[in-house]
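The structure appears right after this line, and notes come after that.
Readers should treat all values here as calculations from the given coordinates under stated rules, not as data from a laboratory. These numbers were taken from a predicted model, which means no experiment stands behind them. Counting neighbours? That spans all protein chains shown, and the Cβs are built from the backbone with ideal geometry, glycine included.
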Amino acid sequence: MSISAGELNEFEVEAAAWFAENKPGDPGFLLPQSFMEVGTDQQFEFLRDWQRKVYEAGYLGLAWPAEYGGGGKHQAFQDIATAEMARQKVPFMTNTIGLSWAGPLILNMGTEAQKQAYIKRILSAEDIWCQGFSEPDNGSDLGNAQLRAVRDGDEFVLNGSKIWTSLGSYADYMILLARSNSETNTKYEGLSYFLSPMKIPGIDPVPIRKLTGEYGFTQTFFDNARIPDSCLIGEEGKGWQVAMKTLTFERAVSGGQAGGVHSMPVFAGEVVELARHAQRDGRPAIEDPLIRDQLVAFLIEERGLELNNQRAQIPGLNTEWPGAIAMARKLTNSEWRQRLNLFAVTLQGANASRYVDDALAIDGGRWQRGYFNSFSSTIGGGTSQIQKNIVGERVLGLPKSA
Amino acid sequence: MTEPAEILFSDEQAQLREIAETFSANKAPMAAVRRQLEADAAITTELWQEIAGLGWLGIAIPEDFGGSGLGLGEVVAIVEPMGRNLLSSPLAATTLAAQAILWSGSDEQKSQWLPQLAGGAVAALALTEAHGDWDLCHLTCSASRTASRHGDMLSLSGGKTFVTDAAMADLFLLSLALDGAPALLLVEKSALGEAALHREVVIDETRRSYGLNLNGIEVPVANLLPAADVSGCLKRLHLGACLLYAAEMCGGATGVINLTLEYLKTRRQFDHFIGAYQALKHPMVDALVGLEQARSHLYHAATVFEMGNLTDGRGEVAVRMAKAQAAAAFAFASDRAIQFHGAFGFTYDCDAQLYRRRALWCEQQHGDALHHRKQLAALLLD
């Protein structure tokens, strides 16, 4: 597929104009910063309408096949649209699990019927997707999933529960890892992977209150819920391989995501601004040498992580440990973000003690809430400690942890 | 359209890097590094001549003066693999001295020295003084003008320190105060008396460092670099040195991480390879993550150098970030290397100490991480 620079330039100009024109104004309530933080119907409706509008305008799923509702264009177009969304700081696309994990998975290994049924509705946010991997007793140990899927003719009967289901209250479908055979040699062989409907009898998502006091996800109970075996993706008993494939999309090691922004990023520059206004000893905090040193340390690290993304594209500069940057990205970025949020809180002096909804809370309390919510990224999708095992074993070649 | 690439890595750089990797691994295996610790010089004459023969001393020297007309960015691609293997040589000092002559020298100085330096003559940098201040404009060495039958001369006084590889140097690039302002001066080996150099005992035993006593040395006034802005030239030299130290430190961190990994994969305790223990595994990932960021900063800084953007703020920010991050990464990796080798790590025979000593030298020359963050604060926050 050949594309001209002129064509891309023209598209960029159009995209910039469209987002400038259509970017939503202040909704009058504090928006969440990622799909994992959507806690109220008001927030959800607002974000779903916005995603649908972006898709209908032609700025989402541009590189997905046209026959399933995508744009059928070169990835470069989507990259431009996504960059424009980031540049104009528009609200994020709320159907992240559909757009970034389930969608590429279905396109990669789903049946024709599954592609026809799901892809377009993922893009338009008509179907919201959630993920059923973690269980109450099996967080990071994904291979040990115990939710039972017992075959009964051409159906499976589901019993058990999944937990930490982001968007669980709103989701229409779940990517679900379940145990279809409990008598296998290894725990991994007995797993199957389903594209399960959520709004059927026997499935009950119960909201969980987060450390912030908000509701952002559910524990999802399965009580004799019946789904047809056409919900299987991949072969029965091969669910582990499908789950591993999913994680490559989730961790952005594999490409093929629909695009769009999926969180409201934080920048060290915003914290520098905060330091200009905070006070220490009767002077702006930014004049305090110790605070300056910490700010610069954050700026160096932010720049290093940005530059990592560029260097990762140059094979000649990744000969020693190929893939190290991509494999460690979730770890490095989530940990950085958490420390930055916390530093932004402590910068506020006595005002650090205020919280969201206090009339005098600095920036509406977003740093306080951001710090608490940042644990969703250092815990969810494999804790930082598990990430270190993965990087240590797969990148550095160290033996598996005992 | 999209942002311009901030890291460029040319085919030339990739080729150079590959050759330098093989060369360093072959010529500086640990046994050779250990042998050299006992020798008078940091590097054998034969190996230095081989390096000259490969054209690496002229990489950043224009073709008109016998070099290859590339830049310091390409030199980074050589220095990093050398650092990985702890290969010690006057390559960085010779390269930087040539750059100073190129930036600030007269036509005569360029034609006289650049071809020689490209061809294997050794240059030493005499920029640091006993006060230990990293500010290269903080000068107590001085010169007074005298007239003699040889013409206008400068009579030098004071002393320089940390002049590496001075005993094998043909040329010294010297900073001093003249008429109340910084000046840069070329001093040939022949101008030094017998007792001018004395060996210093330094923390990095792969290096040969000397004190240089300037008292009694006389050189022609014509040996001054005629730059109008000597402070600016000193700053560029400082940033160039930071860039090459950052490269050396990234290489060193790569080497020491591999050294430690090898041990963690072969040493068994309590029925497990010790690398299976998360108390050791996780800090190794921290070391890797620190190094990966350092290398991204390094090759960005190298790119900025190539573009000649050194003296605008962007280049200075890139280089200082690279040095600060590389120092932090190498310090952590080499410190943990000693600890993770257990009792063996406490011995002279364990190679971890060689890297730790190298890391301390590299960080403490031309500004430690804290110093560079302080300079960055002024550039980024004010």
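For the stretch A:268-395, the relative contact order works out to 24 percent when only alpha carbon pairs closer than 8 Å and six or more residues apart are counted.
Looking at the stretch B:46-134, none of the GluC sites (Glu not before Pro) sits in a DSSP loop with at most 11 other Cβ atoms within 10 Å of its own Cβ. Exposure proxy for B:Cys137, A:Cys130: other Cβ atoms within 10 Å of each Cβ, ordered fewest to most, give B:Cys137, A:Cys130. Which residue fluctuates most in the GNM of chain A (Cα springs below 10 Å): A:Met174, A:Met93, A:Met109? In this elastic network of chain A, the residue with the biggest mean-square fluctuation among A:Met174, A:Met93, A:Met109 is A:Met109.
Ratio of Rg to Rh for the stretch A:80-172: 1.04 [Cα atoms; Kirkwood radius as inverse mean 1/r over pairs]. The ellipsoid equivalent to the alpha-carbon distribution of the stretch B:15-105 has semi-axes of 24, 14, 11 angstrom, derived from the gyration tensor eigenvalues as √(5λ) and listed largest first. Electrostatic bookkeeping for B:Ile274 treats Lys and Arg as +1 and Asp and Glu as -1; over the other residues with beta carbon under 10 Å from its beta carbon, the sum is +4. Diagonalising the gyration tensor over the Cα atoms of the stretch B:143-192 and scaling each eigenvalue by 5 before taking the square root yields semi-axes of 21, 15, 8 Å, largest first. The C-alpha atoms of chain B define a longest principal axis, and helix B:230-266 lies at about 20 degrees to it. For chain B, lysine pairs with C-alpha atoms less than 24 angstrom apart, excluding pairs fewer than eight positions apart on the same chain, total 9. Couplings 3J(HN,Hα) of the stretch B:91-101, computed from phi: 4, 5, 5, 5, 4, 5, 4, 4, 4, 4, 5 Hz, in residue order, whole Hz [Karplus 6.51 cos²θ - 1.76 cosθ + 1.60, θ = phi - 60°; x for Gly and Pro].
Annotation: the residues B:Thr266, A:Thr246, sorted from fewest to most other C-beta atoms within 10 Å of their own C-beta, follow the order B:Thr266, A:Thr246. Starting from one equal scatterer on each C-alpha and no solvent at all, send me the Debye-based log10 I(q)/I(0) for the stretch A:129-250 at q = 0.15, 0.16, 0.22 Å⁻¹, two decimals. Calculated log10 I(q)/I(0) at the listed q: -0.61, -0.69, -1.31. If the Kirkwood radius is taken over C-alpha pairs of chain B, then at 10 °C and 1.306 mPa s the Stokes-Einstein diffusion coefficient equals 74 µm²/s. Placing a label point 7 Å from the Cα of A:Thr40 along the Cα-to-Cβ direction, the residues of the stretch A:187-225 with a backbone N closer than 19 Å are A:207-218.
Under 1.5 on a/c is rounded, so check that first for the stretch B:232-343, then, if it is not, pick prolate when a/b is larger than b/c and oblate when it is not; a ≥ b ≥ c are the square roots of the alpha carbon gyration tensor eigenvalues. It is prolate, given that a/c is not under 1.5 and a/b is the larger ratio.
Relative to the longest principal axis of the Cα atoms of chain B, helix B:278-306 runs at roughly 30 degrees.
For the stretch B:48-177, the calculated P(r), taken from all Cα-Cα distances in 5 Å bins from zero up to the bin holding the longest distance, is 2, 10, 18, 20, 19, 15, 10, 5, 1, 0, 0 percent. Straight-line cross-link reach from A:Lys23 at under 17 Å between alpha-carbon atoms covers these aspartates and glutamates, not counting any fewer than eight positions away in the same chain: A:Glu12, A:Glu14, A:Glu45, A:Asp49, A:Glu56, A:Glu84. Each Cα pair under 8 Å and six or more residues apart adds its sequence gap; the mean of these over the residue count of chain B is a relative contact order of 17 percent. A DSSP coil position with no more than 12 other Cβ atoms inside 10 Å describes the following trypsin sites (Lys or Arg not before Pro) in the stretch A:67-99: A:Lys89.
Taking a cut-off of 54 Å, what percent of all Cα-Cα pairs in the protein assembly as shown are separated by more than that?
Taking all Cα-Cα pairs of the protein assembly as shown, the fraction more than 54 Å apart is 21 percent.
Springs between Cα atoms under 10 Å define the GNM used for chain B, and in it the highest mean-square fluctuation of B:Ala118, B:Ala287, B:Ala39 occurs at B:Ala39. Treating the stretch B:292-376 as a set of equal point scatterers at the Cα positions, no solvent, please give the Debye-formula log₁₀ I(q)/I(0) at q = 0.11, 0.16 Å⁻¹. At q = 0.11, 0.16 Å⁻¹ the computed log10 ratios are -0.36, -0.65.
Once you list every other residue whose beta carbon is under 14 Å from the beta carbon of A:Asp154, what net charge do they have if Lys and Arg are +1 and Asp and Glu are -1?
Values: positive: A:Arg151, A:Arg226; negative: A:Asp152, A:Glu155, A:Asp229, A:Glu236.
Combined, the nearby Lys, Arg, Asp and Glu give -2.
With the alpha-carbon atoms of the stretch B:134-248 aligned to their principal axes, the span from lowest to highest coordinate is 45, 33, 22 Å, starting with the largest.
For chain B, the longest principal axis of the Cα atoms and the long axis of helix B:369-381 meet at an angle of about 70 degrees. In terms of surrounding Cβ atoms within a 10 Å radius of their Cβ, A:Glu214, A:Glu126, A:Glu155 rank from fewest to most as A:Glu126, A:Glu155, A:Glu214.
How many lysine pairs in the stretch A:171-304, separated by 8 or more positions in sequence or lying on different chains, have Cα atoms less than 27 Å apart?
The result is 5.
Each principal axis of the Cα cloud of the stretch B:237-290 was evaluated for its coordinate range; sorted largest first, these ranges are 53, 16, 9 Å. Using a cutoff of 8 angstrom between alpha carbon atoms and counting only pairs six or more residues apart, the relative contact order for the stretch A:5-123 works out to 29 percent. Taking 12 Å as the straight-line reach from the Cα of A:Lys330, the aspartates and glutamates in range (excluding those fewer than 8 positions away in the same chain) are A:Glu250. Structure remark: mean-square fluctuation, Gaussian network model of chain B, C-alpha springs under 10 Å; the largest value among B:Asp229, B:Asp204, B:Asp135 belongs to B:Asp229.
Using only side-chain charges placed at the Cβ, +1 for Lys and Arg and -1 for Asp and Glu, the dipole size of chain A relative to its Cα centre rounds to 720 debye. Of the three principal axes defined by the Cα atoms of chain A, the extents in descending order read 75, 53, 49 Å. Kirkwood hydrodynamic radius, the stretch A:268-395, all distinct C-alpha pairs: what's the number in Å? After inverting the pairwise mean of 1/r, the radius is 16.3 Å.
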